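Only the coordinates and a few stated rules stand behind these numbers; no lab work does. This one's a predicted model, so the numbers in the text were calculated from it and none came from an experiment. Cβ coordinates were reconstructed from backbone atoms using ideal geometry, including for glycine residues, and neighbour counts include every protein chain displayed.
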Amino acid sequence: MLHIEECLLWIVWSPFLKGKASLVLLRDALTVVRAPQHDNTDSCTLCTIVHLNRSLFLLAAFSLGLLFAAAVLLPHILQRNDRQYPFRGIEIMGTDAENYYAARVREVSDGFPSLGNAYYADLKDTPSVQPPLPEIVVASIGQMLSIDPVTAFVLCKGLFAFLLTIVLVGAFSSITAMPWLSLVAVCVLLFANALLNAPWDLPAILRGELSPGFLRFSRPINPQWPVFFFFTTLWIFSSWMKDQKSWKMILAAVTTIVMFYSYVYAWTTMAVIAFLLLLYFLFRQDKPRLCDLFLYAFLCLLGGLPYFLHVFSTMHHPWYAESAMRQGLVASRHIVLGAWVLVFLPLSMCTRRLFPRTMPLLPALAFGGLLVLNQQVITGSALVPHHYHWYFIQPLASVVFLVTIFVFLRRMLPAKIFVPLLSLICLSSIGFGFFQQRDIYEKQRQQWGEMQESADLFTFLRKNTKPGIVVTGASEGFIDEYVPVYTSADSYATLYANLFLVPDSRAQDAFFFRLWMKDVAPDEADRRLPTDLRADLSSALHAIYFREFAGDIRAIPDEEVADASRAYHQYYNLSIEEKLKLHPLHMLVLQREDKETSALRALKKLGKVAYSDSRFTVFSLKSF
């Protein structure tokens, strides 16, 4: 039976082959792919054919990377060519928390690489909760190219998407030793990941009744950056398993150190995998491998020492406990399982004959995923374990599963059926990915089209603000979230600010300020905080904590709601000058649809109009 490499060679070259000599050359190509050591094949022809096969694969991987980068950038391309809503510089940022990462890049560009807080002007010197290396790289690229941080952010989405594709193809090709099948499986992972989660959703998606959102790996920073370095490290480990060279472990240590300063989920997953491999080779008494792994561990500890010291200081900060809750850190010893984990575990043990060259890497990946997903059973603290699943376990399990299925299909089906089937899967996945990106753009098109009206506002704010100048909108949302993205100013009240080290009192004051601007009187707050404002209070003070802890963001205790009601009485009775002394505010942005409350009228009296257009009015306020 023909192999996939043989069939693809035939498909690519047969239209260009004419005459008997060309057919002989193609026959030799198939012979070489099937049996590269054939003694009767001319050596020059051998080298040529092997080179063609390798070049064809590299070209396919490169093309796939370009296609995925194009899919990731498609919403931005569509936005720039939308005649109904002419693009004026306000980039679509529809993926989850994308504007949060863009604000972090702007913060680095403004001269705060430690990322103490990208939103609050008075908390810049606090230790960063999330490592800043990816944002530093993106900001540095923007500075080198002399482009705006937001433009650099968008360009890096495409760049990281391309690099991630290449690394995924390379890593899985090395792990499975089946490059073409791995390429098709990675194609499905990148473009049709929504179907790997729930394939029964496809009819609803095609009917427009269900939107899976943007492609999972289209969000820059996290997960694009750490997943790239995670699979780069796996690629190196896989190569080391086949050819034990100490320099490979030195290189793996470098990429692991990058993960230390990028994303906690990435390096902890890699650490467990390395530990399992260490136990395996310790049992086998393989001294050369053990020496390499100890060298790897030593270099990682050495390079990660500043990171671990920073983590130690952060965990001993007086605001750490309440800030960690907002990140989703909950006390738990519950076991977490998922369909892909349950598939990956037996698959890793039963496919030893299919993927023998990296044994025991595949079992280490499967059991390592199970361990990190359930590390709370040992530590007693769970930190949103779904991130392990979405970004590491599911990609590993789904690609290995798909390659295994492809292997069995190749053995059962004739080449004339198998190759078109594989091509159809690949093309359908790419088409689905582009459809998904266009579909979600169409759903958000009007929202982002109307946001282009704010371009002049942000131009004014860029020219008239600097770090430390605090701006807020009359209503929560757009202004407070995007002022730190498009300008150097800081924000008065946004939920993203609480993803840094922030005391509960500061988060509470920001929430109270919003209630006060809406003219919510104390007696009204007493009535509404336990009911329709309960979820807002929980989200403002604790972010996702109660969603992770109890499965319901409204599960904030009644006692805490009562305490907040009493505290709001005290805050409400402060004079406006006392409120602004508590947390300074320099500019107030009003939109034409904002309802004017007594609180807004009082704020406007403290300043003067600094900017006005058909939709926005900016008041410059006195400083207290």
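With a ≥ b ≥ c taken as the square roots of the eigenvalues of the C-alpha gyration tensor of segment 505-573, please select rounded if a/c is under 1.5 and otherwise prolate if a/b is larger than b/c or oblate if it is not? Taking the square roots of the gyration eigenvalues as a ≥ b ≥ c, segment 505-573 is prolate. In a fully extended conformation the segment linking residue 558 and residue 313 would gain 84.9 nm over its present Cα-Cα distance, using 0.36 nm per residue. Relative to the first principal axis of the alpha-carbon coordinates of the chain, what is the inclination of helix 287-315, with its axis defined by its Cα atoms, in degrees from 0 to 90 and to the nearest 10? Once rounded, the angle reads 10 degrees. Straight-line cross-link partners of residue 622 among the lysines, defined as a Cα under 27 Å from its Cα and at least 8 positions apart when in the same chain: 124, 463, 466, 518, 579, 581, 595, 604, 605, 608.
Segment residue 408..residue 478, full-extension length gain: 20.0 nm, with 0.36 nm per residue of separation and the alpha-carbon distance subtracted. Taking trypsin sites (Lys or Arg not before Pro) across segment 189-251, the ones in a DSSP loop with at most 15 further Cβ atoms lying within 10 angstrom of their Cβ are 207, 245. Normalised by the number of residues in segment 308-447, the average gap of Cα pairs under 8 Å and 6 or more apart makes the relative contact order 26 percent.
Roughly what % antiparallel, to the nearest 5, for the DSSP beta bridges in the chain?
Counting only bridges with both partners in the chain, antiparallel ones make up about 70 percent.
Computed 3J(HN,Hα) for segment 340-354, one whole-Hz value per residue from the Karplus formula 6.51 cos²θ - 1.76 cosθ + 1.60 where θ = phi - 60°, is 5, 5, 5, 6, 5, 4, x, 4, 5, 8, 9, 10, 4, 6, 6, glycine and proline marked x.
Among rounded, prolate and oblate, which fits segment 376-485 when a ≥ b ≥ c are the square roots of the eigenvalues of its C-alpha gyration tensor, a/c under 1.5 means rounded, and a/b larger than b/c means prolate? Oblate, since a/c reaches 1.5 and b/c is not below a/b. When you restrict to C-alpha pairs under 8 Å that are six or more residues apart and normalise by the size of the chain, the relative contact order lands at 17 percent. Loop sites by DSSP among the GluC sites (Glu not before Pro) of the chain, restricted to those with at most 12 other Cβ atoms within 10 angstrom, leave 210-592 as the longest stretch without any of them.
For the chain, what is the mean residue ellipticity at 222 nm derived from helices alone (per DSSP H run of n ≥ 4: -39500 (n - 2.57); sum divided by total residues; nearest 500 deg cm²/dmol)?
Roughly -21000 deg cm²/dmol at 222 nm, from the helical runs in the chain.
In order along segment 377-387, phi translates into HN-Hα couplings of 4, 8, 7, x, 10, 10, 10, 6, x, 4, 5 Hz, rounded to whole numbers, per the Karplus curve 6.51 cos²θ - 1.76 cosθ + 1.60 with θ = phi - 60° and x for Gly and Pro.
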